[in-house]
Amino acid sequence: MASETVDMPRHQNLVIVGNGMAPGRMLEELFRKNPGAYSVTIFNAEPRVNYDRIMLSPVLSGEKSFEDIIIHDDDWYAEHNVVLHKGRKVVSIDREAKTVTAADGTMAAYDKLVLATGSSPFIIPVPGADLPGVLGYRDLDDVDAMLSAADRGGRAVVIGGGLLGLEAAAGLQLRGMDVTVVHLMPTLMERQLDSAAGHLLLKSLESRGIDVRTEANTKEILGEGDRVKAVRLDDGTELPADLVVMAVGIRPNGDLARAAGLEVNRGIVVNDRLLTSDPDIAALGECVEHKGTCYGLVAPLYEMAKTLAANLSGEGAEYLGSVTSTKLKVTGINLFSAGDFAEGEGREEIVLRDAAAGVYRRLVLEGDHVVGTVMYGDVADGAWFFDLIKSGTPIGEMRDTVIFGQAYAGGTPLDPMAAVAALPDEAEICGCNGVCKNTILSAIETEKLKDIDGVRTYTKASASCGSCTGLVEQLLKLSLGDAFDTTATPALCPCTDLGHGDLRRLIVAKKLKTMADVMQELEWKSSCGCAKCRPALNYYLLSAWPGEYADDAQSRFINERVHANIQKDGTYSVVPRMWGGITSARELRAIADVADKFAIPTIKVTGGQRIDLLGVGKEDLPAVWADLNAAGLVSGHAYGKALRTVKTCVGSDWCRFGTQDSTGLGIRLERFLWGSWTPAKVKLAVSGCPRNCAEATCKDVGVICVDSGYEIHFAGAAGLDIKGTEVLGHASTADETVEIIAALIQLYREQGYYLERIYKWARRVGTETARAAVMDDKAQRKMLYDRFVFSQKFSQTDPWAERVRGAEAHEFQPLASLPRLEAAE
C-alpha cells in the first residue's frame, strides 16, 4: 500500500497501554513530528517510569544502577503533558464506548488506542515451577528478586542458554553465586549462533566459573519446606539450587486484545500500518504479530515505533518487517550475529578462525550476497556486515577479502575514517536502539552536538551496551573534523581503553580485589601498568575493598611513599597535624627542638593553620618523626590525596560574633576524618559566624555556623581555579553535621576519579545528585556514613609512627655512601 498523508484532527485522546521501550520511542517520534496532536495517557502495569529493559543484565551484574537505565523520568512526562498511571494494569477495553479500565477502576476514553502490552517469560510446565525461589527474567522486579537471592549467596540454576539466560547467569555469578546453566539444545544461543561460535561461548563461560550443561532437559524442580531446593534433570542428575531462573523464551501478551475481540494468533495481529482488526486500535512491540512473525529484539520494535508515530501524525507509513542482529551483553564476551546463517542448498560460507586471538567469523552467502553472519571475539565489523545483509549489496568484487572486514574489503587497508564515511546513510550504527548513521549525523548538525554524551542524549546511540561508541566517535570526527575533542571521554592511560568511571564500576561489579586481577580481567595492554594507571588503580582498590586490599606503596608517587613533600633541592618538608589549627606550648617546643637538632633551615606557618618544617634530609625523616611523635604530633598528610586540614576561627569561645563552637567542631571533624584516602586532597574549614573568618566558602567542604545550627557548603576552590562553594544544606546539630560531611566525603571517595578535586566531581555528577544522596535521602546518607566509618578502621594509623618502628626502612637509606673522589693527575 502506498504511503499517503492524512489530515489529522488536533487534540485527540491517545491512550497507550504499556510503557516499555517501544511506546516510549514512538512518543519521542510523535512529539517531534506533531507535538500538539494528542492528549496522551499511559497505563503502566509496573510502578515506575520507562527504562531501558535491555540493560537489565548490567543492573543485575552491578555494572549499572536502575537510575542509569531510565529513559524517561517523571520530568519528561510533565514536560510533554503526559498523564502516566503507574502501577495500574488495564483489564478491559470497551470498543463501543472507546474506553479502557484499569484493575483499580481508573478509566480513560480514547480516540486512538495503542496496545504495547509486551511479553511474558515462558515458564516450563514441570512440577515445582511454582515454588518460591523460581523466577522468570523479564523486568526490574525480577532483577530485584534475583539480587535479593544473590545477597543470601548459594547456588543458582538458570534454565535456558539463550540470550537472557546467559546474561542472567553472568550477572548472578558476578554477584557471588555458584551458577549452573541448563540448556536443552547442543549449542548455546542456537537461534543466534552456529556450533563453532557456541563452542567458543561455552568455553568462555566455563573459564569464568559458570557450569554449563547442554543437551540437558529439566524434569522437575524440587522443594524443601516452602523454598526451592534443587533441579532434577531427566537423566536423574540433581543440581542443588537456592534460586532457579527460567529464561527459556517469551510469550506475547495478547490476552487483553483477545478479550476485546481483536484478532490474536501468537501475538496481536497487525497490518503494515500496525493497525489491529479495529482501525482505531494499533499495537506495537513484543505483543505484535506481523506477517506471522513476533519480534523480541529492540531494533524491530523501534522500527515499528517510527512507523506508528508517522501514521499517528497523518504521514502514512508502512512496516515491512525487520532483519535482526544480536549482541550478548556480558562484559568481556564479544559476540554478534545477524541474518540467516543456517546451512542450505545453494549456500556457501566463508570462515575465518584465529585460535590464538580467540576470533571466529563466518559469512553465509547466497550467490553474490551475504545473508547471514556469526562473529565471536572481534565484532568491530558487525555493523558493516549487517548493512550488507539488509541492503543486499553484491560482494563479487570483494569476495576474496570480505571476511576480513570493511577496512580490507578492497584488498588494502582502509583508513577507519574512510570506512565509516563509506557506510550508507541507512547503515545501522547502534543495534540496541536502532539508530542509523544518518540519524546521528543529522542530530550532530541540527542540535550542534560536540561530544558522545550529546549524541547519546539526542539519539540514544551508544547509550545502552556501549559497543558502538567507537563508531559514534568516528561519526563525530567525520562531521566535526578537528573540532571534535576525543579527549572528552578519555581512557585512563595507554594501558587500557577504559576510562575512570568504567574502571571503578567494573572493579566493584566483577569483585576485582588485586591489581593483577584488574589487569588480567580487564585486558590491560601492558604487563604491569604505568605511572599513570597504577596510582589510580591503587586508590580505586583501596576505596572499594577496605580491609581486604593491601596498599601497594610502589604504586604511589614519591611524596606518598615517604610521607613528606619533596622540594626542588631534594630535601623534604614535614608538616605535623594540628587539630583544627589548635596547638600547645609542648608541641611548639617539640617543633623548635626538632628544628634545632636537625638544623632545619626554614620554619613556615601555612595557610592551613599549621607549621611546615622545610629542608629535612630524607635519611633524617624517621628521626624527625620520632621526636615529633614523642610530643603527640602525627602526620598532617600534607603530601597525600587525603584530608589535609580543617581550618577554624575561634568561634563562640572567644569571638563576640560567634554563634557556635567552630573550633570544637573543626577539631572533632579533623579527628574523625583524618587518615582517609580520597581521590584528591581535601580541605575543610569551619567559620563561627557568617563573617566567615575561616574562609569556609572556598574550601572542598565548609561549615558556616549560624544561630539555628550549621550551614554546610561544598565544591569550592581557591587554587588554579577560583570558585565559591555550593550550599549543600542545613544541619541542626553538630552530630548531624559530622554525619552529613562524612557521608559526602564517602560519596566522593566512591564516585570521584583519581586526582579529581571535589568541585570537579560535583560539576561532573551534578550538585543536585550529591545533595539528593546526602541531604534528601537519609537512609542512603546513613549507609554512606557507615561505609566511611568502616573504612576508617583501616586508615587511622599514623604513617610516621609506623616508619619510626621500621616499616619500609629501605625508602630512607642511601643507595651507597661514596668517599669524596679526586681527579687523577
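The values are calculated or read from the model by the stated rules, or taken from the named source; none is laboratory data. Just so it is clear, the model here is predicted, and its values are computed rather than measured. Cβ: placed from backbone, ideal geometry, glycine included. Neighbour counts: every protein chain shown. We work out accessible area using only protein heavy atoms, side chains counted, and drop any ligands, DNA or RNA first. Shrake-Rupley method; radii C 1.70, N 1.55, O 1.52, S 1.80 Å.
Would you kindly identify the helices (runs of 4 or more DSSP H) lying entirely within region 521-618 that contain at least 2 residues that are in contact with a Leu (Cβ under 9 Å, 6 or more places away or on another chain) and touching a residue at least 12 places away in the same chain (Cβ under 8 Å)?
533-544, 585-597
Only one of these is assigned to a strand (DSSP E or B), out of contact with any Phe, Trp or Tyr (no Cβ under 9 Å at 6 or more places or on another chain) and open to solvent by 40 Å² or more (accessible area, probe 1.4 Å): R258, R232, R251. Name it.
R232
Being part of a loop (DSSP other than H, G, I, E, B), of a type in the set (D, E, K, R) and without any contact (Cβ under 8 Å) to a residue 60 or more places away in the chain is the filter here, so list the residues in region 471-520 that pass it.
D485, D497, K513
Hey, among V270, V298, V288, which residue is of a type in the set (A, V, I, L, M), closer than 29 Å to K390 by Cβ, crowded, with 17+ Cβ neighbours inside 10 Å and modelled with pLDDT under 95?
None of the other options fit; the residue is V298.
Using beta carbons and a limit of 6 Å, which pairs, at least six apart or on different chains, have the first residue in region 745-768 and more than 17 Å from K681 (Cβ to Cβ) and the second one of a type in the set (D, E, K, R)?
Correct list of pairs: T767/E726.
Just one of the numbered conditions (1) hydrophobic (A, V, I, L, M, F, W, C); (2) buried (at least 24 other Cβ atoms within 10 Å of the Cβ); (3) part of a loop (DSSP other than H, G, I, E, B) is not true of I741; which one?
I741 satisfies every listed condition except (3).
Quick check on region 623-661: of everything there that is closer than 17 Å to A592 by Cα, open to solvent by 10 Å² or more (accessible area, probe 1.4 Å) and not aliphatic (A, V, I, L, M), which residue is farthest from the chain's Cα centre (by Cα)?
Looking at residues that are closer than 17 Å to A592 by Cα, open to solvent by 10 Å² or more (accessible area, probe 1.4 Å) and not aliphatic (A, V, I, L, M), I get D627.
Go through (1) within 26 Å of I704 (Cβ to Cβ); (2) at pLDDT below 90; (3) of a type outside the set (D, E, K, R) and name the single condition H563 misses.
Here H563 clears every test but (1).
Would you be able to tell me the number of residues in region 34-71 that are of a type in the set (D, E, K, R) and closer than 19 Å to T457 by Cβ?
Of the residues in region 34-71, 4 are of a type in the set (D, E, K, R) and closer than 19 Å to T457 by Cβ.
From the list L308, L335, L320, which one is touching an Asp or Glu at 6+ places or on another chain (Cβ under 9 Å) and buried (at least 19 other Cβ atoms within 10 Å of the Cβ)?
Answer to the selection: L308.
Could you name every one of the helices (runs of 4 or more DSSP H) located completely within region 1-113 that has at least 1 residues being touching a strand residue (DSSP E or B) at 6+ places or on another chain (Cβ under 9 Å) and more than 24 Å from T307 (Cα to Cα)?
Those helices (runs of 4 or more DSSP H) span 56-61, 74-79.
Here is a list: L755, L815, L821. Which entry is of a type outside the set (D, E, K, R), modelled with pLDDT of 85 or more, open to solvent by 50 Å² or more (accessible area, probe 1.4 Å) and outside any helix (DSSP H, G or I)?
Going through L755, L815, L821 in turn, the sole match is L755.
What residue, among those in region 481-508 that are open to solvent by 40 Å² or more (accessible area, probe 1.4 Å) and within 26 Å of G434 (Cβ to Cβ), is modelled with the lowest pLDDT?
So, considering only residues that are open to solvent by 40 Å² or more (accessible area, probe 1.4 Å) and within 26 Å of G434 (Cβ to Cβ), the one modelled with the lowest pLDDT is A488.
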